[in-house]
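Participant: Here it is, the structure in full.
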Amino acid sequence: MFSKWLGVTLVCAGLAACGTGHATFDVDVYSWLEGSTNDTIPYGAPPGLGTVTISNAPQKLDLLPGAGSSFVDTVRINGTMDARNATGSGSIAFQVYLAADSAGTYAPGAALFNPPPSANVSGANTSVITLTIPNLSQTLDSLFTNSQVWIRLAATVSNPGVSLLQGKAVLTSLNLHLVVSEKVF
Amino acid sequence: MRLPAVTLGTAVAVLGMASPALGQGLMFNARAASMAGASLTLGGSVQRYNPAYRAIPRHQIPGQSKITIPGPIGLIQFLEQHPISRLSSDPMFNPDSAGFNPIALVDLILNPPIFYELRPAPLPNNDVAFGIGKDSLSVNLGATQHIIPADEFGIAGSSRPLDIEPSFHGFHAGIMMWLHDEVRFQLNDSLLAFLKEGHPAEHNTVYGIQDSAIAEGGVAPSIGYSGRIYGDDNRGLYFGVSAHYYIGAVYGTSVGFAGITTGDTIFAGPNPVTPSVNDVTGYSRWGNRAGHGYGGDVGFAWVSGPLVIGFGVSDIGATITWPDTRIDSQRYDTTANRISTYSSVIHVESKTKLPTSYLANLIYNLDGTTIGADVLDNGLGTTLHVGVEQRIGILALRGGIGRDERKLVQFGAGVGIRIGPMSLDAGVGTHSNALSDQRGMLLATSLSIY
């Protein structure tokens, strides 16, 4: 989406900023999801079904052209998710999947969190789930040398109660801190 | 993304070779390096701007060498750091290497490793930070911000790399080769604020660069006269004049603007920005009808004992007419997503003008001390040099200060030992022949034969 913009920008920046060193990218991923249906996962789990996983459609994020030959040092993720429960009680766990293509986000290895961050919910209230990964694994780091990455959000709800567990998980922030070393341009 | 940087860097570097206009230019003489570029002789580099100096006898100014050979100790230093056997994998020359830095490559060409670099001009690295959101973009280039020029920047030069004009009784005739090039860029205010000051990108704003470039060259049959018109050897007025018929071989020019315009949201939709390119190029290739024009040089010099004062003007009225030029107008076609030519005219006449140069200088020589000063405006920038040489027996002590075309003050100091018809000179001098605001310092050595 923003590769052309960055392409033009980086031509200018690249003229001046080539060489050894580090480049840091602070990407507000949430700003692309905010206001769309992709930042919200409505959930509903009838009693007696155990756990139910609900997922949004994968979303593409365009990355930097030219970073393909770079070395990704660090990918740090910070974010918050609201579990806005309406009825029932149980637990909700949140997962983020990253992959090089849309289908890849459904592979188990694409999951960022192990275990996934979760919260117990009960009645009509909101619980805040914090999403923090100090540094992604090397395998997932390498995704950021591509010109695009796909992201998928999923919520797993568990309803041990006797009434319908219902509500929605709403992403409220998601920031990506990417440190690329050596050759950026 | 690497390619544009490398391409531009190489282009700048190549042009830089032809145009010693960045910093104080290249020096291959330890004596000049010792005096920050000041000249205490009336040799070729000074004669080019003042034809009157052709007539002043060599003995009038002591220390005018017949030939000077630079001591390439910088080459030894360079080859130690970059062995020839490993050049293919040397990060400096290998764009695929993680350590490749095109600025280092440009600096190398702007400042060839002839002399020993005591302190190279610092290289910026790419410790940069980007902030990216759907409706935000900012970049902090860190130390690299310093090399982004706030004013118009580029390189330019007007030179005569070959000048063969034998003299007979003051009259001289021959042919010279002439070259002229100018490449200028100017970042617009919004791009400057974005890159140099880290301002975030704004909505519906044009970010771009204005550029202008010209390159032309050819030969010029010349005729002239240089001689003393008043006084004698000890006290006299010298006059020189040359007329040139410029024959243009090739010519090219480009003037335009390239940039982008943001929309209501910084990153919205598949094409969040609108590219904008408007450029007019003109050229006359080899084989087209040659360019032609007239111009001249004139100069005066006053010699009074140990004092020589001169003033010269060169390339006066040198307007070249190119009778067979093609002019193309180009712009970015947002439908085809490429730059396309929307208008071409052929066989049209174009005119260019060589920059007129002015040189005022003096040399004062007394009791083993020689002082020199010069101010040169070559139409592309002004330089100023002041140097002094004190000879004590076989020893010569030198020092100087100058202001280069980047308006940076440069310093130099050195020593020479003369034995018979030869002298060995060494000097330490600062320079700004690099893409950096900070000076480098080099040690120059040369051997002169008198």
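Participant: For region B:236-246, in order, what is each residue's ³J(HN,Hα) by Karplus, 6.51 cos²θ - 1.76 cosθ + 1.60 with θ = phi - 60°, in whole Hz (x at glycine and Pro)?
Facilitator: x, 10, 10, 9, x, 8, 9, 10, 10, 10, 7
Participant: Multiply the residue gap between B:Ile346 and B:Tyr294 by 0.36 nm, knock off their C-alpha separation, and tell me the result in nm, one decimal place.
Facilitator: Extra length available between B:Ile346 and B:Tyr294 comes to 16.3 nm.
Participant: What average number of partner chain Cβ atoms lie no more than 10 Å from the Cβ of the residues making up A:27-33?
Facilitator: On the way: counts 4, 6, 3, 2, 8, 5, 1.
Shielding by partners across A:27-33 averages 4.
Participant: If you don't mind, another one. Using a Gaussian network model of chain B with C-alpha springs under 10 Å, which one of B:Arg403, B:Arg54, B:Arg391 is most mobile by mean-square fluctuation?
Facilitator: Residue with maximal mean-square fluctuation among B:Arg403, B:Arg54, B:Arg391: B:Arg391.
Participant: Can you tell me the Rg and the Dmax, both Å, for the Cα atoms in region B:246-335?
Facilitator: Rg then Dmax for region B:246-335, in Å: 24.0, 78.
Participant: Further question on the same structure: Any idea how far the Cα center of region B:387-450 sits from the one of region B:306-336, in Å?
Facilitator: Centre-to-centre distance over Cα atoms comes out at 34 Å.
Participant: With the cut-off at 28 Å, tell me which of the pairs B:Lys134/B:Lys196; B:Lys351/B:Lys407; A:Lys60/A:Lys168; B:Lys66/B:Lys407 have Cα atoms farther apart than that.
Facilitator: B:Lys351/B:Lys407; B:Lys66/B:Lys407
Participant: Hey, another quick one. Which residue, B:Asn50, B:Asn101, B:Asn361, tops the fluctuation ranking in a GNM of chain B built on C-alpha contacts under 10 Å?
Facilitator: Answer for the Gaussian network model of chain B: B:Asn101.
Participant: List every DSSP H helix in chain B whose Cα atoms extend 18 Å or more along the helix's own long axis and whose mean Kyte-Doolittle hydropathy is at least -1.0.
Facilitator: TM-like helix candidates: B:2-18.
Participant: Here is a follow-up. Could you check the simple spin-label distance between B:Arg184 and B:Ser88, using points 7 Å along Cα→Cβ, in nm with one decimal?
Facilitator: It is 4.6 nm.
Participant: Also, quick follow-up: Mean separation of Cα pairs under 8 Å and 6+ residues apart, divided by the residue count of chain B: what relative contact order is that in percent?
Facilitator: 21
Participant: Moving to a separate point now. Averaged over its residues, how many other protein chain Cβ atoms are within 10 Å of peptide B:135-148's Cβ atoms?
Facilitator: Whole-number average of other-chain Cβ neighbours for B:135-148 is 4.
Participant: A further question on this structure: Using a/c under 1.5 as the rounded threshold, could you call region B:2-449 rounded, prolate or oblate? The axes a ≥ b ≥ c are square roots of the C-alpha gyration tensor eigenvalues, and prolate needs a/b larger than b/c, oblate otherwise.
Facilitator: Judged from the Cα gyration tensor, region B:2-449 comes out oblate (a/c at least 1.5, b/c at or above a/b).
Since every read-out is calculated from the coordinates, none of them should be taken as a lab result. This is a predicted model, so every value here is computed, not measured. Cβ: placed from backbone, ideal geometry, glycine included. Neighbour counts: every protein chain shown.
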